Amino acid sequence: MLLIKNGRVIDPASKTDAALDVLLDGGEISRVGANISADRAEIFDAKGLIVAPGFIDLHCHLREPGQELSETIETGTKAAARGGFTAVCCMPNTQPVNDNASVTRGIVERAAAVGSVRVWPIGAASMGSKGEALAEIAAMRRAGIVAVSDDGKPIASARLMRQVMDYCDSLDLPVIDLCGDASLFAGGAMREGPHSMRLGLKGIPAQSESICAGRDVEMAALTGARLHIAHMSTRGSLEYVRWAKKRGLRVTCEVTPHHFTLTDEDVRYDSRYKMNPPLASREDRDALIEGLADGGVDAIATDHAPHHPASKDVEFDRAPFGITGFETALALGLAGLVDAGKLSLTRLVELFTTGPARVLGLERKIAAGEPADLTIFSTDRDWTFRAAESPSKSRNTPFDGRGFRGGPAATIVAGRIVFRG
Ligand SMILES: [Zn+2]
């Protein structure tokens with residue numbers, strides 16, 4: 001038993017924000033209340049800390065199987081635990097691609113053996129994510145996938161999207177799409193605009209994303225299936241999502257910490273600023289923050305995308321897309337959203353907990369009988385993020401050396417403390 005005392009419990013599902021104790025027993029929450037005492041329990045003193053439901057990351061890359069130089073399930077989930085995440089959804093663009101039940105089972109078994117946090121795999125939509133034949137979606141669902149996506153690239157055509165959606169609708173699985181029209185995206189390295197001109201880098205117009213988001217929303221209207229737009233970065237895409245929500249379509253979206261923190265003006269000739277979608281304009285960034293505040297956006301997701309230095313430390317246009325993200329996500333949210341006065345602490349917690357849970361058709365709350373997954377964090381401890389100290393195998397982040405106020409203090413999965421800061 002573990003008794004968390006003296007914390008400030010924020011539970012968006014029940015709209016709780018109060019000084020309460022939480023007693024965990026045998027992997028479940030057994031009691032929530034004031035001044036709980038339990039003789040046999042280990043005590044965790046959460047004085048001055050926030051006690052939240054366990055954070056869920058809808059979007060990450062653990063690189064196993066196949067790219068273990070960049071990350072493994074073991075190192076990636078250690079970094080996730082340090083970031084306060086109790087469950088992470090890993091994208092299928094591994095080697096081999098997670099497009100069949102045996103790869104899914106391999107990930108699930110490896111995570112059970114060496115993972116610090118829960119790992120919920122996402123299966124490929126098409127075989128090899130090649131955009132041709134459907135992957136073995138039903139068999140993967142039985143093996144444990146929680147959604148499908150061809151992440152790394154968009155689902156290739158509207159016709160394939162229709163097939164995937166029809167199929168996933170019958171299995172009640174969300175379809176997650178990376179939006180980016182390939183013909184506009186081709187060869188681009190950062191967002192098209194005055195800053196790409198200044199740096200002499202080939203630009204990617206905002207419409208590369210929004211054209212694809214519009215197509216996907218139309219396909220959700222046609223099929224009635226659940227659509228989730230990954231790492232949305234533009235005002236135009238958000239307007240399509242708002243349009244869909246107004247019409248009662250089952251469309252959701254996520255935004256990454258780097259997209260609500262940085263803009264294309266921050267990009268330097270340094271591949272740690274290269275990600276897909278690219279950092280957007282200030283106007284787009286501000287629109288995303290509005291969406292995070294008012295419910296247009298459903299979740300914050302990291303898109304933790306580790307790359308081994310040998311592949312990332314090359315010329316900007318030759319470097320792969322992506323940055324690491326688990327350990328800085330909460331602190332960036334506190335800095336850029338809460339401390340900046342854009343949204344409340346409860347809303348921030350919702351974007352990491354009940355928001356992503358809902359996308360997956362799950363609930364997340366602090367109540368008796370629920371899984372004992374909790375994230376405990378501070379809002380006022382000063383610290384500096386040092387990529388070299390990360391348990392992740394990769395260091396590709398523009399936030400290395402950045403000072404923060406507030407961040408993860410402890411991560412609890414199934415009643416066990418898997419990280420304590
Ligand atoms: Zn991704």
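The values are calculated or read from the model by the stated rules, or taken from the named source; none is laboratory data. All figures in this text were calculated on a predicted structure; none of them were measured in a lab. We place every Cβ from the backbone using ideal geometry, glycine too, and count neighbours over all the protein chains shown. With ligands, DNA and RNA removed, areas are computed over all heavy atoms of the protein, side chains included. Shrake-Rupley method; radii C 1.70, N 1.55, O 1.52, S 1.80 Å.
Side notes on the structure shown:
- Heavy atoms of the protein chains alone define the surface here; on that basis region 228-374 has 34 Å² accessible area per residue at 1.4 Å probe size.
- Inter-centroid distance (Cα atoms) of region 195-247 relative to region 259-330, Å: 16
- Lone cysteines, the chain (no partner Cβ under 4.7 Å): CYS60, CYS89, CYS90, CYS168, CYS253
- Amide H within-cut-off set for THR252, under 5 Å, with H built and near neighbours excluded: LEU227, HIS228, ILE229
- Shown here are the Rg and Dmax of the Cα trace of region 260-415, at 16.5, 53 Å.
- Of the residues ILE36, ILE376, ILE73, the one that moves most in a GNM of the chain with alpha-carbon contacts below 10 Å is ILE36.
- When the chain is treated as a GNM with alpha-carbon contacts under 10 Å, the residue of GLY325, GLY336, GLY48 showing the greatest mean-square fluctuation is GLY48.
- Computed from backbone phi with θ = phi - 60° and the Karplus coefficients 6.51, -1.76 and 1.60, the 3J(HN,Hα) list for region 303-316 is 6, 3, 10, x, 9, 4, x, 4, 8, 8, 7, 9, 3, 3 Hz; x is used for glycine and proline.
- Here the label points at SER102 and ARG282, each 7 Å from Cα along the C-beta direction, are separated by 5.5 nm in the simple model.
- For region 27-154: relative contact order, % (alpha-carbon pairs under 8 angstrom, 6 or more apart): 22
- The portion of the accessible surface of the chain made up by carbon and sulfur, rounded to a whole percent, is 47 (1.4 Å probe; DNA, RNA and ligands excluded).
- Note on GLU265 and ARG31: the model spin-label points, each 7 Å out from Cα along the C-beta direction, lie 5.4 nm apart.
- The alpha-carbon positions of region 30-171 define a convex hull whose volume is 154 Å³ per residue.
- Cα centroid of region 114-148 to Cα centroid of region 17-87, whole Å: 25
- Tilt relative to the chain, helix 235-246 - C-alpha long axis, 0 to 90 degrees, to 10: 70
- Stretching GLU109 away from ILE417 to a fully extended chain increases their span by 108.8 nm, per 0.36 nm per residue minus the current alpha-carbon distance.
- Relative contact order (%) - region 227-340, alpha-carbon pairs under 8 angstrom, separation at least six: 29
- Pairwise FRET efficiency - ALA186 versus ALA221, Cβ, R0 = 30 Å, nearest 0.05: 0.60
- With contacts taken as Cα pairs under 8 Å at a separation of at least 6 residues, the chain carries a relative contact order of 20 percent.
- Unit charges at the beta carbon, dipole of the chain: most positive-side option, PRO398, ILE323, ALA340: ALA340
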